[in-house]
Amino acid sequence: MAKKPYIIALEEHYQDPEVKQLSGGPGAGREIVERLDDLGALRIREMDEAGIDLQVLSHSIPGLQVVDAEAGPPLARRTNDRLHEAVQRHPDRFSAFAVVPTANPRAAADELERAVTKLGFKGAMVNGMTGGVFHDDKRFWPIWERAANSTCRSISIPRCRTPRSPRPITRITRSHIPVSCVPPGASRSRPRPRACASS
């Protein structure tokens with residue numbers, strides 16, 4: 001009989017209580033909210049029932065993309081520290097994607113680097129747009145440039161769809177750094193960030 005494959009579930013949402021209080025949460029029903037709030041027994045039991053060995057936890061919508069540039073950086077740090085504590089309670093069952101305060105791109109880049117290099121996170125989850133602006137806009141380039149630097153080489157920026165973003169905004173390359181930081185259908189004549197310019 002073949003050995004059971006090791007199953008990793010990506011983008012497994014949860015909600016931080018402080019972010020939930022600030023943003024109101026995703027607007028889901030009671031049973032879903034109960035599961036988003038749980039980073040312990042209920043989640044692990046349901047993982048076992050579904051045959052999932054490891055979840056990579058990421059914050060549910062709207063994340064920190066609705067938080068302003070001043071409040072975002074300290075909130076991101078507190079949120080990521082709490083998530084790190086949850087992962088440490090069950091390190092064989094959980095890993096994590098960080099939240100980053102995209103309204104303050106330089107602080108978002110700093111927090112991304114801290115989360116990956118100090119907390120051991122696998123990358124970051126960005127939900128939808130920030131202030132109605134796609135994340136390929138030049139103001140967000142510091143985030144992508146930091147993701148491409150040598151201290152964050154392990155960051156993977158997957159191409160995925162989320163409820164707040166109707167189309168993927170990046171594509172994967174061999175090095176897992178986006179080649180195109182331009183959403184499909186957008187003008188391709190705009191310059192690309194240095195981090196996104198090579199393949």
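The values are calculated or read from the model by the stated rules, or taken from the named source; none is laboratory data. Please read all numbers here as calculations on a predicted model, not as lab measurements. Methodologically, a virtual Cβ is constructed for each residue, glycine included, from the backbone with ideal geometry; neighbour enumeration extends over all protein chains shown.
Summary of computed values
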{"quantity": "Selection within region 69-112 - within 23 Å of Trp141 (Cα to Cα), within 14 Å of the chain's Cα centre (by Cα) and surrounded by fewer than 20 Cβ atoms within 10 Å (Cβ to Cβ)", "calculated": "Arg77"}
{"quantity": "Pairs where the first residue, in region 9-28, is farther than 23 Å from Arg93 by Cα and touching a residue at least 24 places away in the same chain (Cβ under 8 Å) and the second is assigned to a strand (DSSP E or B) and not small (Gly, Ala, Ser), C-beta under 7 Å, 6+ apart", "calculated": "Val19/His59"}
{"quantity": "Failed item in (1) under 25 Å from Gly128 (Cα atoms); (2) more than 15 Å from the chain's Cα centre (by Cα), with Asp16 passing the rest", "calculated": "(2)"}
{"quantity": "Those helices (runs of 4 or more DSSP H) lying entirely in region 1-108 with at least 1 residues closer than 30 Å to Asn149 by Cα, modelled with pLDDT of 95 or more and polar (S, T, N, Q)", "calculated": "72-89"}
{"quantity": "Residue within region 70-86 that is more than 16 Å from Asp16 (Cα to Cα), of a type outside the set (Phe, Trp, Tyr) and out of contact with any helix residue (DSSP H, G or I) (no Cβ under 8 Å at 6 or more places or on another chain) present", "calculated": "yes"}
{"quantity": "Any hit, region 124-142, residues being touching a helix residue (DSSP H, G or I) at 6+ places or on another chain (Cβ under 8 Å), surrounded by fewer than 15 Cβ atoms within 10 Å (Cβ to Cβ), under 23 Å from Val87 (Cα atoms) and at pLDDT 55 or above", "calculated": "no"}
{"quantity": "Test set (1) in contact (Cβ under 8 Å) with a residue 24 or more places away in the chain; (2) more than 30 Å from Tyr6 (Cβ to Cβ) - Gly123 fails condition number", "calculated": "(2)"}
{"quantity": "Lys3, sole failed condition from (1) out of contact with any helix residue (DSSP H, G or I) (no Cβ under 8 Å at 6 or more places or on another chain); (2) in contact (Cβ under 8 Å) with a residue 12 or more places away in the chain; (3) over 29 Å from Ala103 (Cβ atoms)", "calculated": "(2)"}
